[in-house]
Amino acid sequence: MREFVFVGFEPWASAAPIFADASIATVRWIGVIVAGFVLAFGIWQVREQRDRVRRPKARFGAAPEKELEFLKRQAFRRMQIGGLAAIVGGLMLVGLHLPAQDAPGWWASAWLGVLFFSGWASLMALVDATSTWLHYSSESAQTDAEKILLEYQMKKMREKAERAAVDAEQNPTSEDEKTSAKKAE
């Protein structure tokens, strides 16, 4: 069994190893499974979003042109995030299979690449989330303004109908006025 040494943290060293009872092979297999999942997810996401970028009308139907453009840009951003996830998964697999003792430079480069591309993907996801929030908040504000306008128009129409009903009760039309209105039509 391998011992873990933490410089400056000797009092806590006995509690620090998460996988103290697990063998290195078990930990490596868990890493390979996680890396494979990240790689597969990235590839699937690139393929799925590429279809949305290439054929937005087939995927989103009869949406307005402005909405189609937004959805196309969103799919392109998500395709980039999927590509970065695939790169991260590939670098994780490389880092897991490189022995740290024999090729420390390559091993460190692989794991620094994982950190770099993970950070980049996180920033891209933040940009995508912010862009989506801004788009739909402006859409929501526009919908709210249209709703208020329609409610105002409905209120005016109801008031007009009520005034017409009250007017008709107070000033009933005679039979002569009704027949002359029918002839005019």
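The values are calculated or read from the model by the stated rules, or taken from the named source; none is laboratory data. None of these values were measured; they are calculated from a predicted model. Reconstructed Cβ throughout: ideal geometry from the backbone, glycine too, with neighbour counts over all protein chains shown.
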Of the residues TRP107, TRP111, TRP120, only one is in a helix (DSSP H, G or I), of a type in the set (A, V, I, L, M, F, W, C) and either under 15 Å from the mean Cα position of the chain (by Cα) or over 16 Å from ALA35 (Cα atoms) (or both); which?
TRP120
The number of residues in the stretch 60-77 that are under 12 Å from GLU139 (Cβ atoms), of a type in the set (A, V, I, L, M, F, W, C) and surrounded by fewer than 16 Cβ atoms within 10 Å (Cβ to Cβ) is 1
Residue check: is ALA145 assigned to a helix (DSSP H, G or I) and not charged (D, E, K, R)?
yes
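Against the definition (touching a residue at least 24 places away in the same chain (Cβ under 8 Å), over 16 Å from the mean Cα position of the chain (by Cα) and closer than 30 Å to ALA25 by Cβ), how does GLY90 come out, yes or no? Let's see the steps before the verdict.
On the way: touching a residue at least 24 places away in the same chain (Cβ under 8 Å): yes; over 16 Å from the mean Cα position of the chain (by Cα): yes; closer than 30 Å to ALA25 by Cβ: yes.
In short, yes.
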Close pairs (8 angstrom Cβ cut-off, 6 or more residues apart or separate chains): modelled with pLDDT under 95 in the stretch 26-43, loosely packed, with under 13 Cβ neighbours inside 10 Å and not in a helix (DSSP H, G or I) anywhere:
THR26/PHE19; VAL27/PHE19
Of the numbered conditions (1) in contact with a helix residue (DSSP H, G or I) (Cβ under 6 Å, 6 or more places away or on another chain); (2) closer than 15 Å to ASP128 by Cα, LEU93 satisfies every one except a single condition; which is it?
(2)
